[in-house]
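The values are calculated or read from the model by the stated rules, or taken from the named source; none is laboratory data. Every value quoted in this text rests on a predicted model; they were computed, and no experiment measured them. As a convention, Cβ positions derive from the backbone with ideal geometry for all residues, glycine included, and neighbour counts pool all protein chains shown.
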């Protein structure tokens, strides 16, 4: 009896932990079932290749989908080189000083800043100060600021996983620090850097608030033809449809959510595939 009483707090803890995991999964599963049920009425190739319309049965997501893909490519091209370069400098070249600790603390804090704040920063800096206007480039730069702290933190963690003995072995063979980083450290850290970068981009692809503040359009009937062109994104298109009273637009929003989820799953699946392939090459 005493032994059962002594195990009661442990069992209660396990039950609480299990419920905290299962309950969100059950709720998410119920929501996904409802979304899939509504999306099945509209999801088709014609829905993906059509332009928005005021008639729900004719509306499509082509401008939003293309705009989101362009945004992700530009965001990756801007954020990844800067983020990985900053991580290499802080981890491999930076000295352990108070200033370095101050920078590290601020990077960690920036990772938790609400996305709307980055939208206001992008509006003031890129749209108005740099006169980029409400363009695709301004939106990509804003999202790059959003994911940059996460890319830096993940890249630093990946660099830390590389044993110091490998660096010392490269130095012993006559390699410079740059050569050791380029030929030894980075190939070993690539899987972790790539996985973290794609997860950061997966967060950016679902953001709406920063793009709305920067000036992304909610209704356009054209595909962006350059980095200085007006644009929209798939989350904004979904938000626009959800706010409409007609049931047809609600169905369109559900179909758009499914397309967005599939896009995110493809990104995450690609990250897992590339990570496993790079790990095999390293081994």
Considering residues that are buried (at least 20 other Cβ atoms within 10 Å of the Cβ) and within 26 Å of the chain's Cα centre (by Cα), the number found within the range 163-187 is 1
Options 267, 234, 261, 217: the member that is more than 15 Å from residue 42 (Cα to Cα) and at pLDDT 90 or above: 234
Does residue 135 satisfy being crowded, with 19+ Cβ neighbours inside 10 Å, out of contact with any helix residue (DSSP H, G or I) (no Cβ under 7 Å at 6 or more places or on another chain) and assigned by TED's automatic domain parsing to the domain that holds residue 81? yes
Could you please give the count of residues in the range 63-90 that are over 17 Å from residue 264 (Cα atoms), over 15 Å from the mean Cα position of the chain (by Cα) and surrounded by fewer than 20 Cβ atoms within 10 Å (Cβ to Cβ)? 6
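Listed here are the residues, each with its yes/no results for (1) in a helix (DSSP H, G or I); (2) touching a residue at least 12 places away in the same chain (Cβ under 8 Å); (3) crowded, with 16+ Cβ neighbours inside 10 Å.
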site	(1), (2), (3)
216	no, yes, yes
220	no, yes, yes
231	no, yes, yes
237	yes, yes, yes
245	no, no, no
Quick one: what pairs do we get from the range 89-103, first residue within 23 Å of residue 167 (Cα to Cα) and in the same structural domain as residue 155 (by TED's automatic domain parsing), second part of a loop (DSSP other than H, G, I, E, B) and at pLDDT below 85, C-beta under 8 Å, 6+ apart or different chains? 100/94
